[in-house]
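Worksheet for the structure shown next.
The values are calculated or read from the model by the stated rules, or taken from the named source; none is laboratory data. Just so it is clear, the model here is predicted, and its values are computed rather than measured. Using ideal geometry, Cβ is built from the backbone for each residue, glycine included, and neighbour counts are taken over all protein chains shown. Please note that ligands, DNA and RNA were not included when accessible areas were found on the heavy atoms of the full protein model with its side chains. Shrake-Rupley method; radii C 1.70, N 1.55, O 1.52, S 1.80 Å.
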Amino acid sequence: MKKATLIIVLMSAVLILCSCITVNINGNNGQTTSAETKAETAVDTKAETAAQTTEEATTAAETNPEQTAQERTEEFFKSYSGYWTNEDGKFIYFGKDEKGAYRVSFGVWNAGGPFPTGSVYDVEFISRINYKMNVEIDALHDDPEWYGDGYEAYSYELTVTDVSDGSGRKISAKYAGDDEISTFVFHTEPENPFLGA
């Protein structure tokens, strides 16, 4: 019995001493052991996972379609509200209606008649100077006495690029119904700025 107790005490002492010994696992000429590599990988993986989770949460908050679509649209309209006219007398107007909805209208100065107009639901910032917006053009009903055949409501994707230079504020865009992109100059008065030129 005394021998068994002595053996247990000695084994306990050996275990206690072993737990206090520091083992150098980098003794292979400075080479990293697989245990150290695994430990470092585990730490790196945890840090990357935490960073990725934070980034995903931020991205999810930034792309909330109900909140940020409104914010992006407001930001665009703060900078670009007003009239934009090209040399052919066609204009694009960005503004709000009486209910506060963001609208875009296409027209031709002094031409008369109805032109496409619609609501802007989202503005995507492609880059610092490039914007793409989704426009829902309102339906136009038939009226033979005034303008003839109407058309159904339709979606229109309007891309705007800010091409301002030293001569003033300018955008390039495709007027609804045109095949080619043209340059439009900014003005605040509801009149053709090219008539004076």
Residues in segment 113-139 that are touching an Asp or Glu at 6+ places or on another chain (Cβ under 9 Å), surrounded by fewer than 18 Cβ atoms within 10 Å (Cβ to Cβ) and closer than 17 Å to V163 by Cβ total 5
Restricting to segment 153-168, name every residue that is in a strand (DSSP E or B) and under 18 Å from T85 (Cα atoms). L158, T159, V160, T161, D162, D165, G168
Filter segment 163-197 for residues that are among the small types (G, A, S) and open to solvent by 40 Å² or more (accessible area, probe 1.4 Å); the one that is nearest to T117 (Cα to Cα) is G177
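Rundown of residues vs (1) over 17 Å from D162 (Cα atoms); (2) free of Cβ contacts under 8 Å to residues at least 12 places away in the same chain; (3) surrounded by fewer than 17 Cβ atoms within 10 Å (Cβ to Cβ); (4) under 28 Å from the mean Cα position of the chain (by Cα), yes/no style:
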| residue | (1), (2), (3), (4) |
| --- | --- |
| E75 | no, no, yes, yes |
| W84 | no, no, no, yes |
| I92 | no, no, no, yes |
| A101 | yes, no, yes, yes |
| F106 | yes, no, no, yes |
Just a yes or no: is a residue in segment 63-81 among the hydroxyl-bearing types (S, T, Y) and within 18 Å of F194 (Cβ to Cβ)? no
